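Colleague: Dropping a structure here in structure tokens format, bear with me for questions.
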Amino acid sequence: MHQSTPASAASDKRFKILEAHIKKFQYRHDSLIEMLHKAQELFGYLEDDVLRYVAWQLKLPESRVYGVATFYHFFTLKPQGAHTCVVCTGTACYVKGANKILAAVEEHAHVKAGGTTADNQLSLLTARCIGACGIAPAVVYDNTVTPRQTPESALEQIRKWVTP
């Protein structure tokens, strides 16, 4: 696939900031994850132009950059809602009812896992494991890990953000 700088890079100052960050890391291939974090911080999510730009700057195939961006759950390729709810679906959380929590939130907020509500108030995500097995089932609300959740406790939090 041909790599070229995105047309939007010339007019968007965020690309200049990202370029300076990439230069600081000396265009090293092993800085890819760091560059994707910086790009997501600047843009809010990793849109196609941003992924192409990172690939072009680091002289990496676009497929590799996309592969890394889609492999790790902390990267997102679409705009996120004002609030996020990440339900851990790892074994410990699943066994203790994560699927019921997820189903309750999906039903209440009218959104499927991986999606954002129509009013952009909530993005509902899942993670294979957040490393909080001892407090399962765990849910992360706006970057705050919350232990021993139930469908009821999850809905209590979600109702603050989303009205059906």
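The values are calculated or read from the model by the stated rules, or taken from the named source; none is laboratory data. For clarity, every value in this text was computed on a predicted model and none was experimentally measured. Positions of Cβ are backbone-derived with ideal geometry, glycine not excepted, and every protein chain shown enters the neighbour counts.
Colleague: In this structure, does residue 114 turn out to be farther than 30 Å from residue 23 by Cα, surrounded by fewer than 17 Cβ atoms within 10 Å (Cβ to Cβ) and either assigned by TED's automatic domain parsing to the domain that holds residue 28 or modelled with pLDDT under 95 (or both)?
Modeller: Yes; evaluated as a whole, the condition is true for this residue.
Colleague: Here is a list of conditions, (1) touching a residue at least 40 places away in the same chain (Cβ under 8 Å); (2) in contact with an Asp or Glu (Cβ under 9 Å, 6 or more places away or on another chain); (3) among the charged types (D, E, K, R); (4) surrounded by fewer than 16 Cβ atoms within 10 Å (Cβ to Cβ), and residue 59 meets all of them except one; can you say which number that is?
Modeller: Checking residue 59 against (1) touching a residue at least 40 places away in the same chain (Cβ under 8 Å); (2) in contact with an Asp or Glu (Cβ under 9 Å, 6 or more places away or on another chain); (3) among the charged types (D, E, K, R); (4) surrounded by fewer than 16 Cβ atoms within 10 Å (Cβ to Cβ), the one that fails is (2).
Colleague: Also: Give the range 48-101 a look and list any residue that's in contact with a His (Cβ under 9 Å, 6 or more places away or on another chain) and of a type outside the set (D, E, K, R), or say none.
Modeller: Hits for the range 48-101 are 58, 60, 74, 75, 86.
Colleague: If you take the residues in the range 65-109 that are of a type in the set (S, T, N, Q) and outside any helix (DSSP H, G or I), which one is nearest to residue 137 (Cα to Cα)?
Modeller: 89
Colleague: Suppose the filter is within 13 Å of the chain's Cα centre (by Cα), of a type in the set (S, T, N, Q) and outside any strand (DSSP E or B); does residue 163 pass it?
Modeller: No.
Per-residue answers, yes or no, for (1) closer than 22 Å to residue 161 by Cα; (2) not in a loop (DSSP other than H, G, I, E, B):
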residue: 111; (1), (2): yes, no
residue: 118; (1), (2): yes, no
residue: 123; (1), (2): yes, yes
residue: 130; (1), (2): no, no
